[in-house]
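Structure first, commentary second.
The values are calculated or read from the model by the stated rules, or taken from the named source; none is laboratory data. Everything numeric in this text was worked out from a predicted model, so none of it was measured. With ideal geometry, Cβ positions are generated from the backbone for all residues, glycine too; neighbour counts draw on all protein chains shown.
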Amino acid sequence: MRGGFYHIQTYGCQMNVHESEKIAGQLEKRGFLPCENAEDADVIVFNTCCVRETAETKVYGHLGRIKSQKKSGAVLVVCGCMTQRADVAENLKKRCPFVDIIIGTFNQYMIGEYIDAFIGSGERIVEVWEHENGGSDGDIARASGVNAWLNIMYGCNNFCTYCIVPYVRGRERCRPIDDIVSDAERLIASGYKQITLLGQNVNSYIYKGKNFVDLLKCLEFDKKYRLKFMTSHPKDFSIALAERIARSKVLSHNLHLPVQSGSDRILAAMNRRYTRDDYLKKIQSVRDLIPDIGLSSDVMVGFPTETEEDFLDTLDLVENVRYNNLFMFIYSRRSGTPADKMPQLDYATKQKRIDRLIKAQFEISKSIADGYVGKRFEVLVAEKSGNKCFGKAENDAAISFEDKNDSISVGDFIEVKVTASKNANLIGEVTD
Ligand code: SF4
């Protein structure tokens, strides 16, 4: 037991948010407590992302600031996807001599031991492994709240041409089904009301002949809770999975199916291995089986060589599908990926295209939200401040409402009737 305070700065996706909970678990095991401000911490951890260049630039900017703000004697650690790249780790080592420990994704589970070693010897540690060696995550200090993240697999085999993940997270490794089921049982017993299964491509989960649909069947407990998953790859999304969602008592009626582009030419250049038509057929089957499904997606604008015609195909697909929610990104170069070597578009073109897409999606989200007025949803209460509550419906629609009788707690499932929609934000009231 050491004691003191720790502060973790997390960049990137939900996967990294959960990785930070694992890092917190190791620090808390050593007696460290969390603190809000990096200036007060004895251990500061930057859990980095390298999916977008902006995230990487941000890390260098924040590190520059921390250098002067950190307490004397505080240990500064940089880990995560960014440092898994040998060139970046080397650059960081030279550029930032005040960083005490630099490690990658595969040896992150040993962060506690590296901190012990640094405190003991004062010797800087720079160690990035090329592969994992079967170590385990140990204790997890989960953020409080209604949702618990649960890894079912790690890594990715897909090699989309814009993505660095397979290079920094390695190939797919699936966790044993029994371990996942017992983790989920434990999480529900400890009060979590929602579990989100995590993997870069959950649809390709396979363990001893059992696939993702088999896993979902095993998680069909006779308990009131919500089960979600992310992320699905459209090429592996099966009708069997849509049928499972339709039949399930616990699976949320929302689906995030990242399309990335509506142009077949760009989808092929991205190595996504499905066509626009394949994708639209799958969406139609999902809607036939689960009419109240809430759909969301990721769309990338300005991929190398994207023409106005390609972009119009994307816009057309978005208008055709009518997603409840869309995460829209401008393509960002990543050195080490095939797309980085393709002819690039100028920034102004990319910016103008994403502005058009954002405008189109806003109208769609607004019109879907307007259509919910008067409808009733079962909402899982995620936040409460005074008598103001906020939660999500089974189709992932976010709804705010008042607790007039002061009888609602975070984690309750409450029936709410939507009374108004303001700029795609839903306001509701508790039904009698
Ligand atoms: S499926 Fe494609 S985008 Fe997703 S993590 Fe794998 S390579 Fe990256």
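Summary table below
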item	result
Residue, nearest to S190 (Cα to Cα), within segment 143-178, restricted to residues that are near the ligand (Cβ under 8 Å from one of its atoms) and touching a Phe, Trp or Tyr at 6+ places or on another chain (Cβ under 7 Å)	R169
Residue count, segment 147-174 (criterion: assigned to a helix (DSSP H, G or I) and over 21 Å from D87 (Cβ atoms))	0
Qualifying residue in segment 370-379 (condition: crowded, with 18+ Cβ neighbours inside 10 Å and closer than 19 Å to G145 by Cα)	yes
Qualifying residues in segment 276-304 (those that are in a loop (DSSP other than H, G, I, E, B) and surrounded by 15 or more Cβ atoms within 10 Å (Cβ to Cβ)) - the one farthest from the ligand (Cβ to nearest atom)	I290
Wholly within segment 39-117, helices (runs of 4 or more DSSP H) carrying at least 1 residues that are farther than 16 Å from E127 by Cβ and without any contact (Cβ under 8 Å) to a residue 60 or more places away in the chain	53-69, 86-95
Criterion: more than 25 Å from S248 (Cα to Cα) and at pLDDT below 95 - qualifying residue of S407, S421	S407
Any hit, segment 203-216, residues being in a helix (DSSP H, G or I), touching an Asp or Glu at 6+ places or on another chain (Cβ under 8 Å) and within 16 Å of the ligand (Cβ to nearest atom)	yes
Which numbered condition P176 fails, given (1) on the phi > 0 side of the Ramachandran plot; (2) out of contact with any helix residue (DSSP H, G or I) (no Cβ under 9 Å at 6 or more places or on another chain); (3) modelled with pLDDT of 95 or more	(1)
Residue pairs meeting the criteria (Cβ under 9 Å; at least 6 apart or on separate chains; first assigned by TED's automatic domain parsing to the domain that holds T161, in segment 256-268; second acidic (D, E) and assigned to a loop (DSSP other than H, G, I, E, B))	H256/D396; S261/E306; S263/E306; R265/E306; I266/E306
Number of positions in segment 185-202 that are more than 16 Å from the ligand (Cβ to nearest atom) and either touching a helix residue (DSSP H, G or I) at 6+ places or on another chain (Cβ under 8 Å) or within 23 Å of H233 (Cα to Cα) (or both)	3
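This table checks each residue for (1) under 26 Å from S335 (Cβ atoms); (2) not assigned by TED's automatic domain parsing to the domain that holds S190.
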{"site": "R95", "(1), (2)": "yes, yes"}
{"site": "I101", "(1), (2)": "yes, yes"}
{"site": "G104", "(1), (2)": "yes, yes"}
{"site": "Y109", "(1), (2)": "no, yes"}
{"site": "Y114", "(1), (2)": "no, yes"}
{"site": "D139", "(1), (2)": "no, yes"}
{"site": "R169", "(1), (2)": "yes, no"}
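Let's see how each residue does on (1) surrounded by fewer than 19 Cβ atoms within 10 Å (Cβ to Cβ); (2) assigned by TED's automatic domain parsing to the domain that holds I290:
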| site | (1), (2) |
| --- | --- |
| E319 | yes, yes |
| N325 | yes, yes |
| Y331 | no, yes |
| D346 | yes, yes |
| K352 | yes, yes |
| A397 | no, no |
| G411 | yes, no |
| K417 | yes, no |
| A424 | no, no |
